[in-house]
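Note sheet for the following structure.
The values are calculated or read from the model by the stated rules, or taken from the named source; none is laboratory data. It should be emphasised that the depicted structure is a prediction, and the values quoted were computed from it without experimental measurement. A quick note on method: Cβ atoms are made from the backbone with ideal geometry, for glycine too, and the neighbour counts reach across all protein chains shown.
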Amino acid sequence: MERRKFVKKSTLSALAAVLGTEIVFGDMLPNGYSILGLQDPDPFKKFQKDVEMVLLNDRPLNMEAQAHLLDDSITPNKYMFVRNNGKVPETIDAANWKLSFDGESVQEKKSYSLEELESKFKHYTYQLTLECGGNGRSEFDPPAKGNQWTVGAVSCANWTGIRLRDILADVGIKEDAVYVAYHGADVHLSGDPSKEPISRGVPISKAMQEETILAFKMNGKDIPLVHGYPLRLIAGGFPASASGKWVDRISVRNIVHDGEKMKGSSYRVPCKPVAPGEKVKDEDMCIIESMPVKSLITYPKSGAIIKKEDRLGIRGHAWAGELEVELMEYSIDFGSTWKKAYIEAPVNRFAWQRFSASIEFPKEGYYEVWARATDTQGVSQPMILPGWNPKGYLNNACHRIAVKVSL
Ligand SMILES: Nc1nc2c(c(=O)[nH]1)N[C@H]1C(S)=C(S)[C@@H](COP(=O)(O)O)O[C@H]1N2
Ligand SMILES: [Mo]
């Protein structure tokens, strides 16, 4: 007779901790079974997301915000978009979590417990913008496959952790290091443990920036499970796919990382503009690095109605990947003339910036308010859809809202 294999004691105690009570016959639980009590079918409740968030896919789980939900300066969990390529790990055993380092360019393999990471290295907190490379994809024509994100796949939370460069110095890396890649504990949709849902990373120069951190806290609390508990790489200003969740292994590579979703049209765009629908050779595709200049009107909600004698106060956020936003403008005449909005400085590099304006309308009727940001290199958001690319990345066209002015 085949021997039954049982779930490990350490896993059981972690499961019990999540359930908040003892699992009475837990030592009889066969390996491979998950606990029903932990399978909340409602992803909104399970991950404490606001009911106004929009579910784009439940396998894998993908959810976006609406523009007006992103009005907070610091994005709270309930309004933070969720992008998964695989299955969210069911349970995390933080007490036994190990972060290991390998790859051609480490002096020798090394691993750390969470406790070691937190006690050995200095902590830093930064507010960092994470935008999915595919945010805005739904507007592409011909349509691009993938989650049909509208405007809500962006967040800017506070992340606390240790600098990647501090720990890399402790590990010891070789001169020939060119890329730092993550591996996470999430599971491929097929369930095949030999496949990774995603394994990307950043060039060594990005890895060495002060703000590139291994975070263990989001907005002052443990990172929510769906956003990468207990450890997450954060590389602000890059497409959020570079910010690995549930990180348990880091590979320091002497080549551009060739992990899952680093090749083909994944998170890559034609190096030079191409005609819509055109086939692009593999060697003519470039990895997306700094995200383009963009902005979002978060107040009021599109469809606002105001009285003729009132001015309309608008506000929102603007960001520009690794650059800053230098100028913010708005238009109420479909982009023929623009007026300056007020734009705040970022709290730190790679954090979005608040903008606001007080608008007066000439007469009653229907208007659209358009917002346009310009970065420190003088590049402005386009008014219509920018360069077509096979996967529909980098749509940074101007955001607009409808406003009705009544007597
Ligand atoms: N381990 C792991 N990390 C990941 C992903 C993933 O599927 N697995 N998705 C990436 C992508 S494509 C994005 S846009 C961001 C989304 O982060 P969020 O779900 O915390 O908003 O996580 C990135 N990190
Ligand atoms: Mo993404």
Take the conditions aliphatic (A, V, I, L, M), touching a residue at least 60 places away in the same chain (Cβ under 8 Å) and over 22 Å from E104 (Cβ atoms) and apply them to L312. Does it pass? yes
Against the condition within 16 Å of ligand 2 (Cβ to nearest atom), surrounded by fewer than 19 Cβ atoms within 10 Å (Cβ to Cβ), at negative phi and in contact (Cβ under 8 Å) with a residue 60 or more places away in the chain, how does K145 come out, does it pass? yes
I'd like the full set of residues that are charged (D, E, K, R) and exposed (fewer than 10 other Cβ atoms within 10 Å of the Cβ), limited to region 23-56. D42
Return yes when N57 is over 20 Å from the mean Cα position of the chain (by Cα) and of a type in the set (S, T, N, Q) and no when it is not. no
Hey, does region 169-182 have a residue that's touching a Ser or Thr at 6+ places or on another chain (Cβ under 6 Å), closer than 27 Å to W319 by Cα and of a type in the set (V, I, T)? no
Restricted to region 1-20 and to residues being under 18 Å from A94 (Cα atoms) and part of a loop (DSSP other than H, G, I, E, B), the residue modelled with the lowest pLDDT is G20
Within the bounds of region 391-406, is there any residue that is surrounded by fewer than 16 Cβ atoms within 10 Å (Cβ to Cβ), among the aliphatic types (A, V, I, L, M) and more than 30 Å from V274 (Cβ to Cβ)? yes
Out of contact with any Gly (no Cβ under 8 Å at 6 or more places or on another chain) and among the hydrophobic types (A, V, I, L, M, F, W, C), is that true of I288? no
Taking the condition farther than 30 Å from K45 by Cβ and more than 15 Å from ligand 1 (Cβ to nearest atom), does P300 pass? no
Which condition breaks for Q48 when tested against (1) in contact (Cβ under 8 Å) with a residue 40 or more places away in the chain; (2) in contact with a helix residue (DSSP H, G or I) (Cβ under 7 Å, 6 or more places away or on another chain); (3) at negative phi? (3)
Those residues that are modelled with pLDDT under 95 and either among the hydroxyl-bearing types (S, T, Y) or loosely packed, with under 15 Cβ neighbours inside 10 Å (or both), I need them from region 376-386; list them, please. M383, I384
